[in-house]
Structure formats: structure tokens, C-alpha cells
Amino acid sequence: MRVFISAALKSSGKTTVSIGLCAALKQRGLNVQSFKKGPDYIDPYWLSQATGRNCYNLDFYTMERDEILATMAMRAAGADISLIEGNKGLYDGLDLDGSNSNAALATLTRTPVILVLNAQGMTRGIAPLILGYQAFDKNVEIKGVILNRLGGSRHEAKLRNVIEHYTDVDVIGAIHNDPRFDIDERHLGLMPGHEDPFCSRKIGLLAEAVNEQVNLDQLLDIAGNTADLPAAGISLPQPEHHKQDIRLGLVRGSAFGFYYPDDLEALENAGAKIIEIDPEQDATLPSLDALFIGGGFPETHMSELQANTGLRESIKSAIDQGLPCYAECGGLMYLAKSIEWNGSSATMVGAIDADIIMEKRPQGRGYVQLEETGDSPWPGRSDKIINAHEFHYSRFKNVAKNVKFAYRVKRGTGINGEADGYLYKNLLANYTHQRNTLNNPWAKRFIDFARQIKQTNQTQ
């Protein structure tokens, strides 16, 4: 069983509805596997908390179509139902032909669509909206709608009558304006769940609202009447079951939480033993062979990060001495000399000889394409273009002219519009977020690099 939750346009409430659906279905005793279309860290965190299973991203830009199908088949094993949450609107995407849209993903995976419609202020006009979405692509199966942000029972009755009279689409839910569906927003989207002290309580309230206002039996009936997932033309690489000989520090906490679960699994499969480090509480680094600092919101925690002088100095010393380190976006900011935000400044690690300033508007946003330079340090370099993504409001305030970079930016912004992947000793730090995929097995390359450095040090 599977179902695709999409919307007519962005900010219709599909994420909170998806979270509530996942939690409500789990409360029924079902094993729910969630997926999120496109690059995203925050929505999948909430969906993972709602289901108790890791949420996995499905993205045409970074993954081959067969890889998407193989990923779904593997991750849904043992689940009773799969729920895919779309991004933006059903037909929105990069290309004119819609080949990477939500509709394309629903068609590829043969998954019926439930449209979440923000019906605030709408009455009869909702009918041509639904009819237009049905007619636009006959390959997309729109099997139901969930009306959201309704003004009350009278408004709901009007909409139900209109939809029943003019369309053949079932209304499987009608959610009235409800504070239970509010999740605080940030400049990078939904507030990360691990920063919401009421995360579990919020998910419980969303489940309660869905149980009251959505016909789950009808949704399960739709999800159950689906064609088999098409067979993938490939098999995903099986874990090589390396001995976990690389002690990999993972900086994780409220300031750094942007990690894809399949990337972490790929690191472990390559031989990493992950050791989590709290950047606000741990006073020093443990004995490590490598360090990974992912993205997050260091600017909102910069006072606490600055206060932990011991860890900052320990990280800088380790990098200065050649510890292999990989950092993305927020991790890059943390490794700089300082972060300036809202008129305040805080001292950071200082391994990157530059200062960071937060701006009011995005400095880099969307999909990127990278090409490795001859200075790229990791083994297994390929001539393939690396498809990835970025989303940052910060920029380098200054950077030395003699810096070497691992990547040329073919699309996107990176550090200076032309390059990304700041190099220093065995550190590689970029604004770009990479995904470990068949075309870009970065996790294995990083661990292989760490293993090379470790073996070299042992022979000296």
C-alpha cells in the first residue's frame, strides 16, 4: 500500500497533514514508511519522528529513476503502508516537460495522489481547480482531496457539495483552521523537530486532528488499490561489511542536525564507526580517524558554540595536525573564524581562514552542479558532474586569494559563485550538501581517504 500526498501549490499544509497522517496510521498499529520528494532535512525529521522509521528522500536530480524505485522497494520492506510527501505543487518542477515534478514521481512509482488543498476563502472555484489538475496529466491518478484551513462547518458543507456536484473526486478529509496544525517556521522552512521542545506532543496533536477530520479508512482503501511498484532495472550496492576501522566523529546536536540517514548508513558500510559529539557539551574531541560536521543552524546557537572553547580548540588543533574532516554548510560556518548575525559576532573554530556573515536574503539556493578540480583530495575522482543542492543565507565575508578548492561550480553559488570545497590540510568544506547516490558515492570516498591517511600515519 502506498499514497502520495501533494498539493496545488506550496504552503498548502501538506507537511503537517503528512505528519499527522503518519502518526495516526502508526497509532492504528501500522508500520508506516515515509518518503520525501526532493532535497530536504527538516520535513523528513518530523516524518521520521511520526513513524518511528527513517524517512528517505527521493530526488530526480540526484538519483536515477531506477535508483528511486530500488530505494523505495528496499526501504518499504516490512512496512504496511508507504507515504510519499511531495514538495511544492503537484506539477511544479525544474523542467518545462515536468519530468522531475511530483506528478512524474507519482507516475513513475504508480502511486495514487491525495491533494491537500488550502481552501481558505474558496467555494465554487475549487471545482475548476480540481478538474484542471485532473485534466492536465491523465497519467496521474488523483484519488482524493483533503481540504485544509476551512472556516467552519458551513464552509465545509459548501465545498463538499461543489466537489460532489462537479467532480468525481472524493473528499477524504476536511480540516478546519486549527492551531494544532501550526509548526513554527524559520528562514529555512519548517522548524527542525529536535529544536521544538514539544515535538512529540505536537505530533500527537496532529494525529488527533487527523483522526477527527480525515477518513483514514478511505485513505487506506485508496492506498491498497495500487498497482505493484515497477521493478527497478538495477540493484542497489550491497554493504561491503568492512570492519569498522575508522572512528568517525559526527558533530550532532541542536545546532547541527542535517544528515541524510542513508548517507550515515553508507559511511558505516564503508567502515566508519560513528561517534557522536555534542558541540555544546563535549569539552574535547575523542580519539578519531575522521570528522564529519553537517549542516544546521550554528548562527542561532553561536553563543553556546563560542562558549565551548575546549571543543573549538580541540577541533582546530586536530585539523591543523591533518585529521581528515568533511563539513557542509553549517559545519563550514562553524569551522570559520567567526559568524556575524543580527549585529552580533561570535568566535568559531578558526580552521577556515575566513569570517562568515549572515544576510537577510538567500545567498545560495536550489540545485547545484559541481565539477571536481585537480586539487580534489578524495580517491576515486570521477569526471562526472556532481548533482547536489545548497540553501544558505550566509556568505564568506573574506577569504584568502591563495585558497585551493575541490570543486568548480557549474550551477549554483558555492563559496564565491565559481568554486566550492574549501581545502586546508585534510579538510574539505563546502556550502553544497551532497547525497550519497550511485553517481556520487561520496561517503565511501571520504572513508577511503581517511583510511589512506590513517595507514600513512601508521607507517611513519
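The values are calculated or read from the model by the stated rules, or taken from the named source; none is laboratory data. These numbers were taken from a predicted model, which means no experiment stands behind them. Positions of Cβ are generated from backbone atoms using ideal geometry, with glycine treated the same way; all protein chains shown enter the neighbour counts.
Report yes if residue 146 is assigned by TED's automatic domain parsing to the domain that holds residue 52, outside any loop (DSSP other than H, G, I, E, B), touching a Lys or Arg at 6+ places or on another chain (Cβ under 7 Å) and not charged (D, E, K, R), otherwise no.
Values: assigned by TED's automatic domain parsing to the domain that holds residue 52: yes; outside any loop (DSSP other than H, G, I, E, B): yes; touching a Lys or Arg at 6+ places or on another chain (Cβ under 7 Å): no; not charged (D, E, K, R): yes.
No; evaluated as a whole, the condition is false for this residue.
Can you spot a residue in region 128-136 that is under 20 Å from residue 5 (Cβ atoms), at pLDDT 90 or above, out of contact with any Phe, Trp or Tyr (no Cβ under 6 Å at 6 or more places or on another chain) and of a type in the set (S, T, N, Q)?
Within region 128-136, one or more residues are under 20 Å from residue 5 (Cβ atoms), at pLDDT 90 or above, out of contact with any Phe, Trp or Tyr (no Cβ under 6 Å at 6 or more places or on another chain) and of a type in the set (S, T, N, Q).
Would it be correct to say that residue 407 is in the same structural domain as residue 289 (by TED's automatic domain parsing), of a type in the set (Ser, Thr, Tyr), under 13 Å from residue 327 (Cβ atoms) and within 26 Å of the chain's Cα centre (by Cα)?
Values: in the same structural domain as residue 289 (by TED's automatic domain parsing): yes; of a type in the set (Ser, Thr, Tyr): yes; under 13 Å from residue 327 (Cβ atoms): no; within 26 Å of the chain's Cα centre (by Cα): yes.
In short, no.
If the requirement is being under 18 Å from residue 293 (Cα atoms) and in the same structural domain as residue 449 (by TED's automatic domain parsing), which of these qualifies: 375, 383, 353? Quick ask: steps written out before the conclusion?
Working: 375 fails: under 18 Å from residue 293 (Cα atoms); 383 fails: under 18 Å from residue 293 (Cα atoms).
Testing whether each residue is under 18 Å from residue 293 (Cα atoms) and in the same structural domain as residue 449 (by TED's automatic domain parsing) leaves just 353.
Inspect all residues belonging to region 362-374 and state whether any of them is among the aliphatic types (A, V, I, L, M) and touching a His at 6+ places or on another chain (Cβ under 8 Å).
At the first step, the residues of region 362-374 found to be among the aliphatic types (A, V, I, L, M) are 368, 370.
Still in the running and touching a His at 6+ places or on another chain (Cβ under 8 Å): 368.
Checked against the condition, which is being among the aliphatic types (A, V, I, L, M) and touching a His at 6+ places or on another chain (Cβ under 8 Å), region 362-374 yields at least one hit.
Working only within region 427-460, note down all residues that are closer than 20 Å to residue 273 by Cα, under 18 Å from the mean Cα position of the chain (by Cα) and either of a type in the set (Ser, Thr, Tyr) or in a helix (DSSP H, G or I) (or both).
If the condition is that a residue be closer than 20 Å to residue 273 by Cα, under 18 Å from the mean Cα position of the chain (by Cα) and either of a type in the set (Ser, Thr, Tyr) or in a helix (DSSP H, G or I) (or both), then 442, 443 are the ones that fit.
Residues of region 343-381 being in contact (Cβ under 8 Å) with a residue 12 or more places away in the chain, more than 25 Å from the chain's Cα centre (by Cα) and over 30 Å from residue 63 (Cα atoms), which ones?
344, 346, 347, 348, 349, 350, 351, 352, 353, 354, 355 - these are the residues of region 343-381 that are in contact (Cβ under 8 Å) with a residue 12 or more places away in the chain, more than 25 Å from the chain's Cα centre (by Cα) and over 30 Å from residue 63 (Cα atoms).
Given (1) in a helix (DSSP H, G or I); (2) at pLDDT 95 or above; (3) among the aliphatic types (A, V, I, L, M), identify the lone condition not met by residue 5.
Only one criterion is unmet by residue 5, namely (1).
How about region 360-379: which of its residues are of a type outside the set (Gly, Ala, Ser), farther than 26 Å from residue 92 by Cβ and in contact with a strand residue (DSSP E or B) (Cβ under 8 Å, 6 or more places away or on another chain)? Working first, answer last.
Start the filter on region 360-379 by keeping residues that are of a type outside the set (Gly, Ala, Ser), which leaves 360-363, 365, 367-373, 375, 377-379.
Still in the running and farther than 26 Å from residue 92 by Cβ: 371-373, 375, 377-379.
If the condition is that a residue be of a type outside the set (Gly, Ala, Ser), farther than 26 Å from residue 92 by Cβ and in contact with a strand residue (DSSP E or B) (Cβ under 8 Å, 6 or more places away or on another chain), then 371, 372, 373, 375, 377, 378 are the ones that fit.
May I ask you to verify whether residue 349 is assigned to a loop (DSSP other than H, G, I, E, B), on the phi < 0 side of the Ramachandran plot, β-branched (Val, Ile, Thr) and at pLDDT 95 or above? Talk me through it step by step, then tell me what you get.
On the way: assigned to a loop (DSSP other than H, G, I, E, B): yes; on the phi < 0 side of the Ramachandran plot: yes; β-branched (Val, Ile, Thr): yes; at pLDDT 95 or above: yes.
Judged against the criteria, residue 349 is a match.
Looking at (1) surrounded by 18 or more Cβ atoms within 10 Å (Cβ to Cβ); (2) part of a loop (DSSP other than H, G, I, E, B), can you tell me which one residue 319 breaks?
Only one criterion is unmet by residue 319, namely (2).
Quick one: count up the residues across region 205-228 that are surrounded by fewer than 15 Cβ atoms within 10 Å (Cβ to Cβ) and not in a helix (DSSP H, G or I).
3
Working only within region 382-424, note down all residues that are touching a residue at least 40 places away in the same chain (Cβ under 8 Å), surrounded by fewer than 14 Cβ atoms within 10 Å (Cβ to Cβ) and either touching a His at 6+ places or on another chain (Cβ under 9 Å) or not in a strand (DSSP E or B) (or both).
Within region 382-424, 384, 400 meet the criteria.
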